[in-house]
There are 2 protein chains.
Amino acid sequence: MTFALSEPPAPSTLTAVPGPSTNATKRELDVIFDARTTQIVVDYEKSYGNYLSDVDGNCFLDVYAQIASIPVGYNNPALIQAAQSREMISALVNRPAIGNFPSQHWLKLLREGLMRVAPRGCTQVFTAQSGSEANELAFKAAFMAYQRKQRGPDNQHWSTRELESAMKNQAPGSPDLAILSFKDSFHGRGLGSLSATRSKPVHKMDIPSFKWPQATFPRLKYPLEEHEDDNRAEERRCLQEVEHILASWYCPVAGVIVEPIQSEGGDNHASPGFFQGLQALTKKHGIYLIVDEVQTGFGATGRFWGHEHWELPAAPDIVTFSKKAQTAGYFFSDAMLRPDKAYRQFNTWMGDAARVIISNAVIDEILSKNLVEHTARIGDILYERLAALSTKFPQLILNLRGKGRGTYIAFDTPDASSLLKEMRNAGINVGSCGVSTIRLRPMLIFGEEHIPLLLDGFEKVFAKLEK
Amino acid sequence: MTFALSEPPAPSTLTAVPGPSTNATKRELDVIFDARTTQIVVDYEKSYGNYLSDVDGNCFLDVYAQIASIPVGYNNPALIQAAQSREMISALVNRPAIGNFPSQHWLKLLREGLMRVAPRGCTQVFTAQSGSEANELAFKAAFMAYQRKQRGPDNQHWSTRELESAMKNQAPGSPDLAILSFKDSFHGRGLGSLSATRSKPVHKMDIPSFKWPQATFPRLKYPLEEHEDDNRAEERRCLQEVEHILASWYCPVAGVIVEPIQSEGGDNHASPGFFQGLQALTKKHGIYLIVDEVQTGFGATGRFWGHEHWELPAAPDIVTFSKKAQTAGYFFSDAMLRPDKAYRQFNTWMGDAARVIISNAVIDEILSKNLVEHTARIGDILYERLAALSTKFPQLILNLRGKGRGTYIAFDTPDASSLLKEMRNAGINVGSCGVSTIRLRPMLIFGEEHIPLLLDGFEKVFAKLEK
């Protein structure tokens, strides 16, 4: 099944990667914009579906997809149609302060748009512009709700002492409250979200942070089905650590944030039981569970939301999204998470209607083409092929993981950076994460016909690296 | 001189404001999206130039302009053209991770686009999505540069102790470092930028904050020319307070952030001498001066950048922008502010090329139509007319300010909220700030012909309120 209209039959490279044109542009760009991280300068207008074309005439099968954020292919015709709509043009040129002056389309954009894919049990949405912003807004919602509960239902009055101290960044108005996150997690790079992020020193060095606690995320053994007892014990130990922190941290912990699969941190999994246990702990302590679906949301795990795999007894309190959504924000249901007063959760733009229009077109594509089910099916095939390949290269494919999680598949390899480089030279754009992990993040339109191309690429490069 | 193509000759209202259709939509919207702050539901497709049309058939002269963020009018034809360009469609549907995979247009978009209006002395730009994000990125740049200086040129190595402590949110890797801001300032609502924001308790209550210091912003007496001695003394006192804090705060202060005119906080001005003194203090202490031009930038003060009024001996270290730019980010020049390693200042999207394309069209309009000079001229006329009106209503127009600052004009009034309401009923959309201040934030295409409409509106409403 091919979804894109004009994909080439296979990747092709004309130059070593990065090619001379990328390098030349990178040098020029670097004069005015930090271009040290530039990997490929792309000709997006020549890119189609799963294929990315660069300015050197190279054409890559792209299973990294702009750091996991392209959902339905480059130059998707349905998205192009949305981009040309009258409504889009108005959203682009008449950018509203949505909180005060929403357009006549905003209600429909949300109700018949984003809300169609709201996680089960979530009845409201707050829009934002990035995953990092969405997470910080979620933290703020949790802090305000936590304090509201402390004040009690009959006393929502702010005392003079609170009013004055808040303006001085002091308690009680600006209290010490924490968000618990997990080691190796990634939740963004704003000063608040970065305090929850625990991925790599390069993200955190020299930046002041809130004194928030971290618990160990389970370090499971793979394949999961061969280590059930060990993994259960490890998860139990991690939950005990969470409970210990909640009971003993120097200030109240108002919320826990967790990724369904730790992505930037190395594609680390945990079982549904772990997440059920985590939710039970947050309920017991009367605090909020924030599920960061910035990377797992919108279908990549073979369910629309990664947390659907857990079969939680109740909806998570807050679910944040971005990346494949092509916009950002958070879903929630608990009425306490809508602040007691207007303007407490507010900013000038409150997201970007132009990006919500694109998001709606993405959702249309996903739903009308059953791309979530498709991704679940393709992921199963891809996982089995990689498992077979791993028996041929047991030293190069280690800890293969993501079984039953759509195309959200990863493995460790001794030298991820050489592998990435050689894969690009072979015309395949792959991403890495964690210490030395290859993460596959194909689009939702990655099909059965792409699997042999990807597998052949791995096989050739592994053979080369083994020498 | 009329810039917009199809403006009505005057505002007109058919209903009380908000009208029944706004109220009905607001009720429906509120089920899924916090709509308590919704003021007017707008038909942007029927809005032109300086005029905003709502879903009730009301048509407002808009001198608030989406919280000071519409630069060149609703449905500006040049912006519509940019919105329909092939490049825009690609930027919308193929959203790049700009830091890794910039498009072939990105270099040109910056070099022949945003960099055209870079503040004098600023040679580089970092792109973002909101003013709040831009300010936090600026803080991070300042923190990293400050620590880099502390390590010294011969020792940029990160010790094991730094690496390990950073991951735990502890010093020395994650040090206590502060940003000094001013009382009544507004710098955004992320957890970091909010720690610098000191505007209103509703922005800060219940949210944890960094223990950063605030200095008093000068409380000048208006009109400025009648109180020169008092104002000079007040500014001297405030600078002494800054110096005292820099010398005595419990942790190093790495930067100072200041608005050219405190906007959300009440349109508070200070003299060029104050800002020159502030820069001298930051230079003396070897720390960074961040000028937050999110609201003052892009021409509204009669200069492209508000800080151009100060005639500083050297460029500010960092200048942040958003709002009228229709995108966001910061300009800088000091090589120390580009981190010593790649990926320290980075995120998935690094701004939004679609919004940078709009920004370029805005810049084209501003430069080709001399809108900054136009705004300076119109502002002078508008100020004089308001000064004349204030002699007629001395109890309703107090502390008129913004002389020589383009249309960035404000005054205090005893009951700003009633005045706003009545002005809307008279077909004029005005904004407020501070405790009870009316702030004028017309677009850069506000022309001489709009002045009598605005002044007549004020006069009628004042006459009504006086009764």
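Read-outs: derived from the displayed coordinates by stated rules, not from any lab. Note that this is a predicted model, so its numbers are computed, not measured. Because the Cβ atoms are built from the backbone with ideal geometry, glycine has one as well, and the counts that use them run over all protein chains shown.
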Given a cut-off of 17 Å, what percent of all Cα-Cα pairs of region B:1-137 lie beyond it?
-> 73
Tilt, helix A:353-368 to longest principal axis of chain A (alpha-carbon atoms), in degrees rounded to tens, equals 60
For a footprinting-style exposure proxy, rank A:Ile451, B:Ile318 by other Cβ within 10 Å, fewest first.
-> A:Ile451, B:Ile318
Which of A:Trp305, A:Trp158 comes first, and how do the rest follow, when ranked by fewest Cβ neighbours within 10 Å?
-> A:Trp158, A:Trp305
Point-to-point label distance, B:Arg232-B:Leu455, nm (Cα→Cβ direction, 7 Å offset) | 3.4
Quickly work out the B:Lys149-to-A:His244 label distance, labels modelled 7 Å from Cα along the C-beta direction, and quote it in nm with one decimal.
-> 4.2
Return the aspartates and glutamates within reach of A:Lys46: Cα separation strictly under 13 angstrom, same-chain partners fewer than 8 residues apart disregarded; answer none if there are no such residues.
-> A:Glu7, A:Asp54, A:Asp56, B:Glu87
Summarise the partner chain shielding of A:167-178 as one whole number: the mean count of Cβ atoms from other chains within 10 Å of each residue's Cβ.
-> 6
Return one quarter of the surface area of the convex hull spanned by the alpha-carbon atoms of chain B, equal to its mean projected area, in nm².
-> 23.4
To the nearest 0.05, how large is the calculated FRET efficiency for B:Leu163 and B:Ile80 if R₀ is 45 Å and r is the Cβ-Cβ distance?
-> 0.30
If you put +1 on each Lys and Arg Cβ and -1 on each Asp and Glu Cβ, how big is the dipole of region A:1-90 around its Cα centre, in Debye rounded to 20?
-> 40
What is the calculated FRET efficiency for A:Lys211 to B:Ser418, with r their C-beta to C-beta distance and R₀ = 51 Å, to the nearest 0.05?
-> 0.70
Note to self, chain B gives a 222 nm [θ] from helices alone (DSSP H runs n ≥ 4, -39500 (n - 2.57) apiece, / all residues, nearest 500) of -11500 deg cm²/dmol
Percent RCO, i.e. relative contact order, over region B:84-368, from Cα pairs under 8 Å lying at least 6 residues apart = 28
Between B:Cys251 and B:Asn370, what length in nm is gained on full extension when 0.36 nm per residue of separation is reduced by their alpha carbon distance?
-> 38.3 nm
Compute the signed sum of charges (Lys and Arg +1, Asp and Glu -1) over the other residues within less than 12 Å, Cβ to Cβ, of A:His105.
-> -1
The rounded separation in angstrom of the Cα centers of region A:71-149 and region A:386-447 is 32
Test item: A:16-26 mean partner chain Cβ contacts at 10 Å | 1
Classify region A:238-355 as rounded, prolate or oblate, taking a ≥ b ≥ c as the square roots of the eigenvalues of its Cα gyration tensor: rounded when a/c is under 1.5, otherwise prolate if a/b is larger than b/c and oblate if not.
-> oblate
Most packed first (mean Cβ within 10 Å per residue), the peptides B:355-364, A:228-237, B:331-340, A:427-436 order as B:355-364, A:427-436, B:331-340, A:228-237
Could you check the simple spin-label distance between B:Asn425 and B:Ser6, using points 7 Å along Cα→Cβ, in nm with one decimal?
-> 3.2
Determine the sum of side-chain charges near B:Val461: Lys and Arg each +1, Asp and Glu each -1, restricted to other residues whose C-beta is under 12 angstrom from that of B:Val461.
-> 0
Yeah, region B:286-386 with a ≥ b ≥ c from its alpha-carbon gyration tensor (a/c under 1.5 is rounded, else prolate when a/b outruns b/c, oblate otherwise) is oblate
Specify the inter-centroid distance of region B:182-244 and region A:321-372, based on alpha-carbon positions, in whole Å.
-> 34
Please state the charge dipole magnitude for chain B, taken about the Cα centre, from unit charges on C-beta atoms (+1 on K and R, -1 on D and E), reported in debye and rounded to the nearest 20.
-> 960
Taking r as the C-beta separation of A:Lys108 and B:Lys108 and R0 as 22 Å, the FRET efficiency to the nearest 0.05 is 0.05
